[in-house]
1. So, in the stretch 222-231, of the ones that are in contact (Cβ under 8 Å) with a residue 12 or more places away in the chain and assigned to a loop (DSSP other than H, G, I, E, B), which residue ends up nearest to L260 (Cα to Cα)?
2. I'm checking my understanding of the structure. Among residues of the stretch 60-90 that are among the polar types (S, T, N, Q) and modelled with pLDDT under 85, which one is surrounded by the fewest Cβ atoms within 10 Å (Cβ to Cβ)?
3. Given K243, K247, K229, which one is exposed (fewer than 15 other Cβ atoms within 10 Å of the Cβ), outside the structural domain of E106 (by TED's automatic domain parsing), closer than 30 Å to V99 by Cβ and of a type in the set (D, E, K, R)?
4. Is one or more of the residues making up the stretch 91-101 modelled with pLDDT under 90, in contact with a Leu (Cβ under 8 Å, 6 or more places away or on another chain) and in a helix (DSSP H, G or I)?
Amino acid sequence: MLCKACNIENADDARFCYTCGIDMTTEKRFSTKKTINQRRRLNKYKYHRSSIVDRIFSQKLLLISGSIFFALAVVYLADPKIFDASTPSVQEEKSDNSVVELKVKEIASKFVCTCGSCGEESLDICSCNRAIQERQMIRDYLLDGEGPNQIIKIISESFGGLKASQSGTKLGIVRQPSNKIDLSAINKISLVQSDDSSSDVNIATSADLNEILSHFRCPCGQCGMGELKDCECSHPKGATEVKAFVKKKINEGRFTVNQLIDEIDNTFGGKKIVTSMRN
């Protein structure tokens, strides 16, 4: 061990320098204390560096979490229905009375859907759960004998969404027998109209398919078939395309037989020309 005073080498276990006589144990004590201080400074540096790393990691984690939240918010604002995929759809329970169903559509057409994700689509054609529930409420009130004005008032107060063109309509609640729908009268009307295929009230069903097709020749102009209902050609504007069009319109449940005949004639043509014989 070197003497700190005269820089002369001494034995490791020497208590005094054999040259200058300085107490060597004091030097050891100072050396040991210096080593401890160095270790403390080193540990403090290591702790400080670890704190910096932890702080940087926390900041990155916070930044990533914020980015993910912002992205989800943008997606939700763009299309909230994406987050409703797990919500089971509500099934609409339509009645067998075509007059009631027409009245449901008439009342619903005075409103827009207020769910906030349909772009205020008209309530009579919107397919979201809120719209189905509102139409079902309208249907239930009609079947209970409530009048149209009363139902419009209830729907407007419960959900809102009354169209601007209807805002000036007088919607006072009037509970008078004359304002209610007579279901017995409706049933009588629907029974009479079911015997008349030319009625504008009955909604077309799949049972009316052949009746509708019987008014047309195949409009493709290539197969030469006289009856559309008997033709199965796949030409452009042919039997296959026309029949698929008619079935789709029937499934929408909002067209009468006469309306569908006009739709086919306007879209494809081929309607038979009926000539009358005069005596």
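The values are calculated or read from the model by the stated rules, or taken from the named source; none is laboratory data. Because the structure is predicted, anything quoted here is derived from the model rather than measured. Using ideal geometry, Cβ is built from the backbone for each residue, glycine included, and neighbour counts are taken over all protein chains shown.
1. Applying the first criterion (in contact (Cβ under 8 Å) with a residue 12 or more places away in the chain) to the stretch 222-231 yields 222-223, 225, 227-229, 231.
Going one step further and asking which of them are assigned to a loop (DSSP other than H, G, I, E, B), we end up with 222-223, 225, 227, 231.
Values: Q222: 24, C223: 23, M225: 21, E227: 17, C231: 19 Å.
For the stretch 222-231, the residue satisfying everything is E227.
2. From the stretch 60-90, those among the polar types (S, T, N, Q) are 65, 67, 86-87, 89; that's our starting set.
This time we only want the ones that are modelled with pLDDT under 85, so: 86-87, 89.
Working: S86: 5, T87: 10, S89: 10.
Among those residues, the one meeting the criterion is S86.
3. On the way: K243 fails: exposed (fewer than 15 other Cβ atoms within 10 Å of the Cβ); K229 fails: exposed (fewer than 15 other Cβ atoms within 10 Å of the Cβ).
Exactly one residue qualifies, and that residue is K247.
4. Among the residues of the stretch 91-101, at least one is modelled with pLDDT under 90, in contact with a Leu (Cβ under 8 Å, 6 or more places away or on another chain) and in a helix (DSSP H, G or I), which makes the answer yes.
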